[in-house]
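Notes follow once the structure below has been shown.
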Amino acid sequence: MSTQEIIELAYAEFSHKFDAAADFEIRKSSDDGGKLLEFFVADDENATFLREELPPFYNGLRTIVLYRVEKASDGD
């Protein structure tokens, strides 16, 4: 199975499980440990949920979950 097919399978399996489907992104990446899938979500609540649902390896690729942090406004 190609990496793109694995990404499409992960979208199909996980995007409907939480509220941020529009802000859900999966990318292939690599680091010193090898190939991995990066799952990006909108906030820490969705990241926590996805970390509980997602196995450490998905179709042979390590997984990590990242979330976007809102920048503080200039008035803070």
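Coordinate-derived values only; no laboratory data. Keep in mind the model is a prediction, meaning the values are calculated, not measured. Neighbour counts are summed over all protein chains in view; Cβ atoms, including those assigned to glycine, are modelled from backbone coordinates with ideal geometry.
Farthest towards the positive end of the charge dipole of the chain, among the residues SER2, THR63, PHE40, is the Cα of SER2, using unit charges on the Cβ of Lys, Arg, Asp and Glu. Converting phi to 3J(HN,Hα) with the Karplus coefficients 6.51, -1.76 and 1.60 and the offset θ = phi - 60°, region 51-63 yields 4, 6, 8, 8, x, x, 10, 10, 6, x, 10, 4, 10 Hz in sequence order, with x at every glycine or proline. Each Lys and Arg Cβ is given +1 and each Asp and Glu Cβ -1; about its Cα centre, the chain then shows a dipole of about 400 debye.
Local charge for THR3 was computed over the other residues whose Cβ lies under 11 Å away, with Lys and Arg +1 and Asp and Glu -1, and equals +1.
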